[in-house]
1. How big is the charge dipole of the chain about its Cα centre, in debye rounded to the nearest 20, if each Lys and Arg gets +1 on its Cβ and each Asp and Glu gets -1 on its Cβ?
2. Around residue 213, under 12 Å between beta carbons, what's the net of Lys plus Arg minus Asp minus Glu among the other residues?
3. At a Förster radius of 22 Å, what calculated FRET efficiency corresponds to the Cβ-Cβ distance of residue 166 and residue 260, to the nearest 0.05?
4. Quick check on the range 228-284: take the gyration tensor over C-alpha atoms, sort the square-rooted eigenvalues as a ≥ b ≥ c, and tell me if it's rounded (a/c under 1.5), prolate or oblate.
5. Could you calculate the FRET efficiency of residue 34 with residue 115 from 1/(1 + (r/R0)^6), where r is the beta carbon distance between them and R0 is 45 Å, rounded to 0.05?
6. Residue 103 versus residue 193, label points 7 Å from Cα toward the beta carbon: distance in nm?
7. In whole Hz, with x marking every Gly and Pro, tabulate ³J(HN,Hα) for the range 160-170 from phi via Karplus 6.51 cos²θ - 1.76 cosθ + 1.60, θ = phi - 60°.
8. Select from 24, 283, 216 the residue whose mean-square fluctuation is largest in a Gaussian network model of the chain (Cα-Cα springs shorter than 10 Å).
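Just so it is clear, none of the values below were taken in a lab; they were calculated from the coordinates. Remember, predicted model here, so these are calculated numbers, not experimental data. As a convention, Cβ positions derive from the backbone with ideal geometry for all residues, glycine included, and neighbour counts pool all protein chains shown.
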Amino acid sequence: MSHLMKIANFYGRFLLSFTAIGYWWRSLFWSRLKADLSGQTWLVTGASGGVGRAIVLGAARYGATVLAAARSAAKLDELVADAVSAGVKGKVVPLVVDFSLKRDVRRFSEQILTEHPRIDVLVNNVGVLLDDFSVTDEGHEMSFATNILSHFMLTERLIEAGALVRGGAVVNMSSGGMYNSPLAIGAMDAKKAEGYNGIRAYAVHKRGQAALTSYWSEVYGSSSGLTFYVMHPGWADTQGVKTSLPRFRRILLWVLRTPAQGADTAIWLGATRPQGTDPAGFWLDRATRSAHAYEFTRKSKHRPVDLANYLKGASAMPAP
């Protein structure tokens, strides 16, 4: 009964805010985004579908060259064709990478440094919510490797190499699911199928993204001239939601956001790069919200730097 009450409380509290209803209402008070991103290069991960795809098309529409990174070459080809068909002002460059594998993230990072050494905006969007426990051939739980380890490895490498230009931005795509978890490093990389809960794992990883945003802002914000943001797209109707949360989708389909609505804040942040905001602020619909909805998520023995150190260790490749 307590579990059902918790679910009812969560959905009752956020239904209006996270769905298209909240987007429609807030957008009434926005000024039209007038941006010219010509000459800028954006890198968007998880670009072949859903919110990531919408970010790519949106940024390209404003004139950016968008490096669209995803696992499926076929889906990326469709994305490029759609961008051309839509007559976007910019350009979409497809890049194939498997973000669940550290070795491919390393390869991809070096490819970026060689072929596209100047990045204005990085959008760490790739993410998965898995029903079943799965381990990569490198020994990491699949969603951990995809949802947060790959983000850490790619972002750290680009900053280290100076590829993210001064004045640029990093946008980390989190989720309202993080409201259900404190920073829990011990739960980041599940080691066994017994007791595995994909929704819980997803929430832990998304809380981790918020912690990483604070860490990167503190460590690199002044020295690199970068601005770091963590955001929530709201509840959007994507293929990932259709596959992983079918019941949720059936019940709320009538009010779920479109991928373009979910992408709006990421495009707005990358285009406008607001300054002087709380690095721990959780962006939703072009404004910061509290990073915590419940008191228990504030209570963690871990700090953002502890997570960064943990991910540094997890990033190491095994000896040949």
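1. 760
2. Once positives and negatives cancel, what remains is 0.
3. 0.15
4. prolate
5. The formula returns an efficiency of 0.90 here.
6. It is 2.4 nm.
7. 4, 8, x, 7, 7, 6, 4, x, x, 9, 10
8. Result: 24 has the largest fluctuation of those listed.
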